[in-house]
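Working notes, beginning with the structure itself.
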Amino acid sequence: MMEINPCNSHVNGGSSIPSKVSRKTKPDDTIVDINGIKVGGSEIIVIAGPCAIESREQLFNTARSVKTGGAKILRGGAFKPRSSPYNFQGMGEEGLKLLDIIRKETGLPVVTEVMDTRQVELVSGYADMLQIGSRNMQNFPLLKEAGMCRKPILLKRGMMSTIEEFLLAAEYILNQGNDQIILCERGIRTFETSTRNTLDLSAVPMLKRLTHLPVIIDPSHGTGLRWMVPAMAKAAVAVGADGLIMEVHYKPEEALCDGQQSLNPDEFDRLMLDLKKIAQAVGREISLPAHPSV
Ligand code: PEP
Ligand code: MN
């Protein structure tokens, strides 16, 4: 019997794009539904919150402020992948419990990282969407486990991964029957050191051409620099991203993790107003809550 090649060849530097993620297999955009919030349609969805959940006060104050600013989904890490084992590793299940409380209060769905196959069940019990981080993009057992759970998955591009490897990682999840996947470009490693990573904005039009899955940008990890986040966030909307994920902290100077790249609530509010204008200019929408000062 003839073997069926699971990859569709695309004329793209000779790479071959796996079939389930391919736009050739499914021409229409996939809409990912995170408890009623739809990513991949005409509205650009902003996910915001702290890098790590540090305390009740920190999470709750930040969550309330990003909701007022127009975020539609709350982020916050309970299990943190830190380069040094001596750095704050996250609050673990305590953090997940706090997320659950604030999600009920604000009505914002929550996304949080899962680092290990053994955490998938626990994290799925609290989160509306599971994040697979850059360092785990090619953790194949984790991708398979995530594919078996029935929660949407936010898959971040590996910092050393090609677009093809990124799509193959998504294919692992899809192959288990879970098509609720959002792809996130978060910067790649290059020779440049003035920014934390090199944010590959060209990944957006490339991915949108190759796959039906929604694509979002993380300008926080992509630059590592708070002052640069607004510029790159605006550029991301202009190049066709379906959403953004950004770190916001109610007191960035006191953050235990990634404070130097976290916006404060005022900066976030201002950025959302600018993003709305850019969204309109490119035929998309960002809906903001009624704001007393606007
Ligand atoms: C994060 O979003 O908290 C994170 C650790 O991101 P990345 O995996 O992209 O480094
Ligand atoms: Mn971070």
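At a glance:
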| read-out | value |
| --- | --- |
| Odd one out for residue 247 among (1) over 30 Å from residue 16 (Cβ atoms); (2) over 15 Å from the mean Cα position of the chain (by Cα); (3) outside any helix (DSSP H, G or I) | (2) |
| Identity of the residue in the range 183-197, within 13 Å of ligand 1 (Cβ to nearest atom) and of a type outside the set (Asp, Glu), that ends up nearest to the chain's Cα centre (by Cα) | 184 |
| Boolean, residue 244 is within 15 Å of ligand 2 (Cβ to nearest atom), open to solvent by 10 Å² or more (accessible area, probe 1.4 Å) and in contact (Cβ under 8 Å) with a residue 12 or more places away in the chain | no |
| Some residue of the range 218-232 being within 15 Å of ligand 1 (Cβ to nearest atom) and hydroxyl-bearing (Ser, Thr, Tyr) | yes |
| Residues located in the range 129-159, provided they are open to solvent by 10 Å² or more (accessible area, probe 1.4 Å) and away from ligand 1 (no atom under 12 Å from the Cβ) | 138, 140, 141, 144, 145, 148, 149, 150, 151, 152 |
| Residue ID - modelled with the highest pLDDT, chosen from residues in the range 1-38 that are part of a strand (DSSP E or B) and under 18 Å from residue 206 (Cα atoms) | 22 |
| Test: residue in the range 182-194 that is more than 16 Å from ligand 2 (Cβ to nearest atom), buried (at least 18 other Cβ atoms within 10 Å of the Cβ), free of Cβ contacts under 8 Å to residues at least 40 places away in the same chain and within 19 Å of residue 49 (Cα to Cα) | yes |
| Residue selected from the range 79-99 under the condition in contact with a strand residue (DSSP E or B) (Cβ under 6 Å, 6 or more places away or on another chain) and open to solvent by less than 20 Å² (accessible area, probe 1.4 Å), by the criterion farthest from ligand 1 (Cβ to nearest atom) | 99 |
| Residue tally, condition more than 16 Å from the chain's Cα centre (by Cα), more than 16 Å from ligand 2 (Cβ to nearest atom), assigned to a helix (DSSP H, G or I) and in contact (Cβ under 8 Å) with a residue 24 or more places away in the chain, over the range 199-230 | 5 |
| Of all residues making up the range 133-163, the number that are over 19 Å from residue 16 (Cα atoms) and part of a loop (DSSP other than H, G, I, E, B) | 7 |
| Qualifying position, being more than 29 Å from residue 27 (Cβ to Cβ) and modelled with pLDDT of 95 or more, among 224, 283, 240 | 224 |
| Selection within the range 59-78 - in contact with a helix residue (DSSP H, G or I) (Cβ under 6 Å, 6 or more places away or on another chain) and open to solvent by 30 Å² or more (accessible area, probe 1.4 Å) | 67 |
| Matching residues, the range 104-148, being among the β-branched types (Val, Ile, Thr), closer than 14 Å to residue 92 by Cβ and within 16 Å of ligand 2 (Cβ to nearest atom) | 112, 114 |
| Where residue 235 falls short, out of the listed (1) more than 16 Å from ligand 2 (Cβ to nearest atom); (2) under 21 Å from residue 169 (Cβ atoms) | (2) |
| Residue in the range 226-241 that is surrounded by 17 or more Cβ atoms within 10 Å (Cβ to Cβ) and within 21 Å of residue 20 (Cβ to Cβ) present | no |
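The values are calculated or read from the model by the stated rules, or taken from the named source; none is laboratory data. Because the structure is a prediction, the values reported are computed rather than measured. Neighbour counts run over all protein chains shown; Cβ positions are idealised from the backbone, glycine included. Only protein heavy atoms, including side chains, enter the accessible area calculation; ligands, DNA and RNA are left aside. Shrake-Rupley method; radii C 1.70, N 1.55, O 1.52, S 1.80 Å.
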